[in-house]
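Scroll down for the structure; my scribbles are underneath it.
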Amino acid sequence: MTREEKIEKLRNMTHGFVLHSLFTRMPFAECEQGSYYDQAFLFETREDAEEAAKRLCANGDMVGVTELKTVEMDPPGEEPTGPRLVKPGEPIRKLMRNQVREHLMRFPTIGLNAVFFKPDGERGEVLPLDDVLPDPVKEELSKEPNPRTGVQLTGMYFAQYIRKQNKDPRRVKEYYEEFYANLARVKMLLPIIPGGEAVQENGSINLTRCQLPIFSPKGKDGQQGEAAPEIEQVHALALFTNMDEVIMHSRDHLSEIKVVEVGLDEVPKFVPEQVNYCVIDPLTLSITIKIEDILKIWKDLKGE
């Protein structure tokens, strides 16, 4: 099978298997050593995917296999304030959701620019996403680039490697420095519920007067606490790299929340005294940082 045939096959796949990190619940990412592509791994058969996962696990990377399907979904019926989409007596037309295509479109949003694809009975090959995704899709993805993509990508590598068995301390330091260097350049997403006195006369928001996404080990106030380190009296402020995870985290309060952008170095100025940590993307990366270490990290990055 030629490279062009593999690209065409990948574009039209309706069923496949992707490797995911058991630590981040995200696609397992690896920097391809020949061309330095940041790639995910996609297979046509479960057998090939499980064999690849077995090799990676033997090397200390905890990797699982996710099956991607084309699933049938019911369309929306009638919106409370919108038009009727299905007339009485009409047969309901099903919507088809291609999970392979969804993953291919999601990869660039988390910083990946290639996919290792292995068709059944063929050799695997690294395919740049620029060659795989159709032009209209690439144009749509480029309209609103996420400034936090670099944080998410280097965070994926750091989160995967820091929990790996038999890790090299020198590589840990490299991943650490790359992640924090990206983190220092951008503002993170913070979902808040403003209190009555939160909005000031100039329109700015006083974050000390807002309800913040605080995690605790015991799940205090209904907050899930699994992202915080498992020690007593730990509370962690959740910060996010992307709106998808903000929505997942805040799904029970979507009508109430407001999302603001904050730099990590701003966190010590508004967090409550009992908050010991902040946690980046608690549902996926779950990278925790001590509040008292934040300013020290910033000084180290700036060479002060």
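The values are calculated or read from the model by the stated rules, or taken from the named source; none is laboratory data. All values reported here derive from a predicted model rather than from experimental measurement. Here Cβ is always computed from backbone atoms with ideal geometry, including for glycine, and neighbour counts include all displayed protein chains.
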Quick one: is Asp135 surrounded by fewer than 18 Cβ atoms within 10 Å (Cβ to Cβ), modelled with pLDDT of 95 or more and not assigned by TED's automatic domain parsing to the domain that holds Leu264?
-> no
Counted residues, region 256-301 - those being assigned to a loop (DSSP other than H, G, I, E, B) and either surrounded by 15 or more Cβ atoms within 10 Å (Cβ to Cβ) or in contact (Cβ under 8 Å) with a residue 24 or more places away in the chain (or both) | 15
Does Leu283 satisfy the criteria of being at pLDDT 90 or above and either at positive phi or in the same structural domain as Ile214 (by TED's automatic domain parsing) (or both)?
-> yes
Restricting attention to region 29-73, and to residues there that are outside any loop (DSSP other than H, G, I, E, B) and polar (S, T, N, Q), which single residue is surrounded by the fewest Cβ atoms within 10 Å (Cβ to Cβ)?
-> Thr70
Single residue of region 84-120 satisfying the filter (over 30 Å from Asp38 (Cβ atoms) and basic (Lys, Arg)) that is modelled with the lowest pLDDT = Arg84
Does region 150-161 include one or more residues that are crowded, with 18+ Cβ neighbours inside 10 Å and over 15 Å from the mean Cα position of the chain (by Cα)?
-> yes
Hey, any hits in region 172-182 for a residue that's assigned by TED's automatic domain parsing to the domain that holds Leu254, exposed (fewer than 15 other Cβ atoms within 10 Å of the Cβ) and within 19 Å of the chain's Cα centre (by Cα)?
-> yes
Might you check whether a residue that is touching a strand residue (DSSP E or B) at 6+ places or on another chain (Cβ under 9 Å), under 18 Å from Thr288 (Cβ atoms), outside the structural domain of Arg106 (by TED's automatic domain parsing) and modelled with pLDDT of 85 or more occurs anywhere in region 215-227?
-> no
Within region 1-24, which residues are over 18 Å from Val100 (Cβ atoms), part of a loop (DSSP other than H, G, I, E, B) and touching a residue at least 12 places away in the same chain (Cβ under 8 Å)?
-> Leu22, Phe23, Thr24
Given the residues Thr14, Thr45, which is the only one that is over 21 Å from the mean Cα position of the chain (by Cα) and either closer than 18 Å to Met105 by Cβ or not assigned by TED's automatic domain parsing to the domain that holds Val115 (or both)?
-> Thr14
